[in-house]
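See structure below.
The values are calculated or read from the model by the stated rules, or taken from the named source; none is laboratory data. Since the model is a prediction, treat every value here as computed from it, not as a measurement. Note that we place each Cβ from the backbone using ideal geometry, even for glycine, and neighbour counts take in every protein chain shown. What goes into the accessible areas is simple: the full protein's heavy atoms, side chains included, and nothing from ligands, DNA or RNA. Shrake-Rupley method; radii C 1.70, N 1.55, O 1.52, S 1.80 Å.
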2 protein chains.
Amino acid sequence: MQSAREEDGSTVVYDDVLRIADPGPPKQGHGAEREAAAKRISIGDVARLADVAPITVSRALRNPQKVSPDKRARIEQAVAQTGYSINPHASALKSGRSNVVLAFASNLMSEQFASALKSCAAVLEDAGYLFLVGQTSYSYERETAALRSLHAMKPAAVMLTGVIELESNRELLRGIGIPIMETWALPRDPIDMLVGFSNTEAGRLAADMLFRKGYRKVAYVGRRSGRGALRLQGFREGCQAKGITLVCEELVDDVTGVSDGRRCLASVMARPAKPDALFCSNDVLALGCMMEARRLNVRVPADLGILGFGQSDIAAEIPPGLTMIGVDSALLGREAGAMLIASLSGTPPAQKLKRLDLVVSEGGSL
Amino acid sequence: MQSAREEDGSTVVYDDVLRIADPGPPKQGHGAEREAAAKRISIGDVARLADVAPITVSRALRNPQKVSPDKRARIEQAVAQTGYSINPHASALKSGRSNVVLAFASNLMSEQFASALKSCAAVLEDAGYLFLVGQTSYSYERETAALRSLHAMKPAAVMLTGVIELESNRELLRGIGIPIMETWALPRDPIDMLVGFSNTEAGRLAADMLFRKGYRKVAYVGRRSGRGALRLQGFREGCQAKGITLVCEELVDDVTGVSDGRRCLASVMARPAKPDALFCSNDVLALGCMMEARRLNVRVPADLGILGFGQSDIAAEIPPGLTMIGVDSALLGREAGAMLIASLSGTPPAQKLKRLDLVVSEGGSL
DNA sequence: CCGCATGATGGTAACGTTGTCATCAAGCGG
DNA sequence: CCGCTTGATGACAACGTTACCATCATGCGG
């Protein structure tokens, strides 16, 4: 697989000139070019050219060492000459396998998820898999629809950012018989494999940190459901254990941007009983809180300590720098990818579960 | 398609309890559950149950109005009863079509791209397509590999965040004969369809804005290649036209985070000839510049005006608020999705090109 | 009442690949 | 030199679906 850069003069097409204003004569009708699509070349064409049987071509492509060197060479040449590429549908239909690994993210716009998916993709693509990402959008309907199509598609494996909550969907996935990777939490009974961390522990750790820094009246800001609820639960436990007063819980249903965080802090500070510190279980919300604090002339950390969750590059850089509890999402992706590959290679991984440590990135907000 | 929420009691599995420490006896061997995968049900099973021919089931699923109501009802019931779902590989193999729309992003972690993909996905998923995102990582090799597999996969359509630069790859795509959507620029000769904007114009507009605000000695910060180069080109033209001095051009090869922006500003401010304003052709870089400016006690906009490119929510919120030139990426995604659907529905869209206007979001940084 | 258009339905074959088994040559110990 | 194993190669069929064409009933104008 050599760089295309060398294969041709690498004509860069960027030009940025637009001629919409002058459409001119329509270039040979709409459907015409559609027909001009190159005739499909099949494995048979390659076989004929290399003077071998189609099945031998198939073998040469998938287990080169099972074919004698001379035929292999002939076949490779024929492939190059014809530009043949395997038809994954036919292959998947016959063999029941495919080289596609499907990932599902509840939200494509999350920095954290994107980072995990990116590193996971790198691992799997290096192993020859095609890594594709779909979206479930925090909606059970979409999730079910996606999983149903998945059931028939039989990808090689499935990577999820998050865990499947609906038992019926869990059952659906279990039935497919391919490696499934869940992440970002530690459910009691994972579908198959899991690389995650404890969200309740994150909450407890947050309470701990706030206590150690001397805060005694705190507030919680986060999502109402899912992992947010887990972190809240842990936070409550932690507060109780340390004797910290949990002044208020500001819960949101969905996070669409930093403005949600602004609203939360405004709401928190509008209460009669003001907290001396805040645990934001979501980095975007934390960012919004930081900004709103500045606007309200609430000094961080002098007037209000803020502890975030996640790994946001940006939050860390904004003065005074957000202190966060989180996980290394790139590491999570890599670990997940490695475990998937182990599972795909036939030898099931020694460990189907991996618990990641929580990491604290110190900023100046506490 | 009804909500799964109603179908069962919606058992929430979140628990966050981990028992890695106590693996216990391995649960019935590794491969055992693999075999337990449900026997595949095919269209023939449904047909038998509904007492019709397989082909009629196929029709009922794809063109319900071509099947009489009574058979349709029987078939629908049989489908529900068996939990049948179509095998997309067999379907794609035979028909040469599929309901998958493949999107390729050069970078999954870009807020802009994610936003465009998200809105594009929404449009296409509503129309019944499965929207999957792959990654090309700004690498020609990856791009070529991805496109090659694409060639055989025959998705229904392809959505690209960006345009294809290599002529050989453009040819490859052209040959597939499916709708192709390019975005984010206005190349001279798009492969098929295009929803984009002029990057050179963005550069000229930037020079214009800086001039109007009274700046006369400016600097450029951005990526060296691709669209960054186009914006720089336009910026140079604009500066020349207005008689603005372009003090320096700070170019980076790749943007990995805000720290790149910090470095850029530091480097710019270290020069003997300091600019009075900055055009950052990338929102992450702009963010980094804003932060570094604060650290260096460079007041924005009093000491240095900063003009960004993009639509970053966060940059807009950071005091004094970044003024940006950009496009509405969600709109771009929607438009692209709509045009793809028009093309997919057989009737080619009236217009295969759509030029988006640049929008200026006023912040306080100029 | 005939012939023809129309719409519903089904039979057959084929999409391109690979699992399975058969075949054949080569190597090797006895 | 025989019978065996081993490895390379190929023939055949099948994966599940849909394109294509045939068939049949129905309706309608002449």
Inset, instruction - Kindly indicate the residue of the range B:143-192 that is farther than 25 Å from B:Gly228 by Cβ and of a type in the set (Lys, Arg) and also most open to solvent (accessible area, probe 1.4 Å) among those meeting that condition. - result: B:Arg148
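What number of residues within the range A:209-218 are open to solvent by 50 Å² or more (accessible area, probe 1.4 Å) and over 12 Å from A:Pro275 (Cα atoms)?
Let us first name the residues in the range A:209-218 that are open to solvent by 50 Å² or more (accessible area, probe 1.4 Å), namely A:211-213, A:216-217.
Applying the additional criterion that residues be over 12 Å from A:Pro275 (Cα atoms) yields A:211-213.
Within the range A:209-218, residues that are open to solvent by 50 Å² or more (accessible area, probe 1.4 Å) and over 12 Å from A:Pro275 (Cα atoms) number 3.
In the range B:237-264, how many are of a type in the set (Lys, Arg) and either within 32 Å of the chain's Cα centre (by Cα) or buried (at least 18 other Cβ atoms within 10 Å of the Cβ) (or both)? Give the derivation first.
Quick first cut of the range B:237-264, residues of a type in the set (Lys, Arg) only: B:242, B:262-263.
Within this subset, residues satisfying the condition of being either within 32 Å of the chain's Cα centre (by Cα) or buried (at least 18 other Cβ atoms within 10 Å of the Cβ) (or both) are B:262-263.
Qualifying residue count for the region: 2.
Only one residue in A:Gly128, A:Gly134 is in a loop (DSSP other than H, G, I, E, B) and modelled with pLDDT of 80 or more, so which one is that? Can you show your working first?
Numbers: A:Gly134 fails: in a loop (DSSP other than H, G, I, E, B).
Going through A:Gly128, A:Gly134 in turn, just one is in a loop (DSSP other than H, G, I, E, B) and modelled with pLDDT of 80 or more: A:Gly128.
Restricting attention to the range A:48-62, which residues are over 40 Å from the mean Cα position of the chain (by Cα) and within 8 Å of DNA strand D (Cβ to nearest atom)?
The answer is A:Asp51, A:Val52, A:Ala53.
When you scan the range B:270-328, how many residues do you find that are charged (D, E, K, R) and away from every other protein chain (no Cβ under 13 Å)?
Narrowing the range B:270-328 to residues charged (D, E, K, R): B:271, B:274, B:276, B:283, B:292, B:294-295, B:299, B:303, B:313, B:317, B:328.
Subsequent filtering for residues that are away from every other protein chain (no Cβ under 13 Å) retains B:271, B:274, B:276, B:299, B:303, B:328.
Here the count works out to 6.
Looking only at residues that are of a type in the set (A, V, I, L, M) and closer than 19 Å to A:Glu111 by Cβ in the range B:302-318, which one is farthest from the chain's Cα centre (by Cα)? Show your work before the answer.
Let us first name the residues in the range B:302-318 that are of a type in the set (A, V, I, L, M), namely B:302, B:304, B:306-307, B:314-316, B:318.
Still in the list and also closer than 19 Å to A:Glu111 by Cβ: B:314-316, B:318.
Values: B:Ile314: 19, B:Ala315: 20, B:Ala316: 21, B:Ile318: 25 Å.
Top of the filtered list is B:Ile318.
Of the residues B:Gly261, B:Gly234, which single one is assigned to a helix (DSSP H, G or I), touching a Cys at 6+ places or on another chain (Cβ under 6 Å) and within 11 Å of another protein chain (Cβ to nearest Cβ)? Talk me through it step by step, then tell me what you get.
Values: B:Gly234 fails: touching a Cys at 6+ places or on another chain (Cβ under 6 Å).
Within the list B:Gly261, B:Gly234, the selection yields B:Gly261.
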Inset, instruction - Scan the range B:63-82 for residues that are surrounded by 13 or more Cβ atoms within 10 Å (Cβ to Cβ) and either within 11 Å of DNA strand D (Cβ to nearest atom) or in a loop (DSSP other than H, G, I, E, B) (or both) and jot them down. - result: B:Val67, B:Val79, B:Thr82
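Tally time: how many residues in the range A:83-134 are within 16 Å of DNA strand C (Cβ to nearest atom) and either open to solvent by less than 40 Å² (accessible area, probe 1.4 Å) or not hydroxyl-bearing (Ser, Thr, Tyr) (or both)?
Of the residues in the range A:83-134, 18 are within 16 Å of DNA strand C (Cβ to nearest atom) and either open to solvent by less than 40 Å² (accessible area, probe 1.4 Å) or not hydroxyl-bearing (Ser, Thr, Tyr) (or both).
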